[in-house]
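A.B. asks: Structure in C-alpha cells, see below.
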Amino acid sequence: MLFRYIKSKRFLVFLIITCVANAIHGALNIFKRPLDSLDIKYGSFPEDLRLQMLAEAKKMFYFGYDNYMAYAFPMDELNPLLCSGRGPDYENP
C-alpha cells in the first residue's frame, strides 16, 4: 500500500512542491520575521563567545560542587557562615 501511494500522482506533486519550498525557503517560511533590535543584539552567540561562556559555566558549577564536597558532603546544604554542613529540616520539609 505504501509503495502504491509513493507511485501516485499526489505524492509526486507533494514531493515537487516540497522541493520547491525548500529551494525558496525564505519566501515560504511563515515563521520567519524581520529581526528586531533584541534579536540582533542577543539572538546568537559567536562561537568563541559561546565557548568562553561554556567554560565559565563549568567553572562556576565545579566551584560550588567542589566546595560542597569539601565542607558539607554528608549533609544537605552548606551553612555559609560556619562553613559547615547543615542537615535536613525535619520540621519544615
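The values are calculated or read from the model by the stated rules, or taken from the named source; none is laboratory data. None of the values given here were measured: they were computed from a predicted structure. Because the Cβ atoms are built from the backbone with ideal geometry, glycine has one as well, and the counts that use them run over all protein chains shown.
A.B. asks: Which ones in the range 24-37 are exposed (fewer than 10 other Cβ atoms within 10 Å of the Cβ), modelled with pLDDT under 75 and part of a loop (DSSP other than H, G, I, E, B)?
C.D. replies: ILE24, ILE30, PHE31, ARG33
A.B. asks: Here's a check for you: in the range 38-70, which residue that is of a type in the set (Ser, Thr, Tyr) and modelled with pLDDT of 85 or more is nearest to PRO88 (Cα to Cα)?
C.D. replies: TYR68
A.B. asks: Contact list please: Cβ distance under 8 Å, first residue in the range 43-69 and aliphatic (A, V, I, L, M), second residue surrounded by 10 or more Cβ atoms within 10 Å (Cβ to Cβ) and part of a loop (DSSP other than H, G, I, E, B), pairs at least six apart or on different chains.
C.D. replies: MET53/PHE45
A.B. asks: Mind checking which residues of the range 47-93 are of a type in the set (S, T, N, Q) and surrounded by 11 or more Cβ atoms within 10 Å (Cβ to Cβ)?
C.D. replies: GLN52, ASN67, ASN79, SER84
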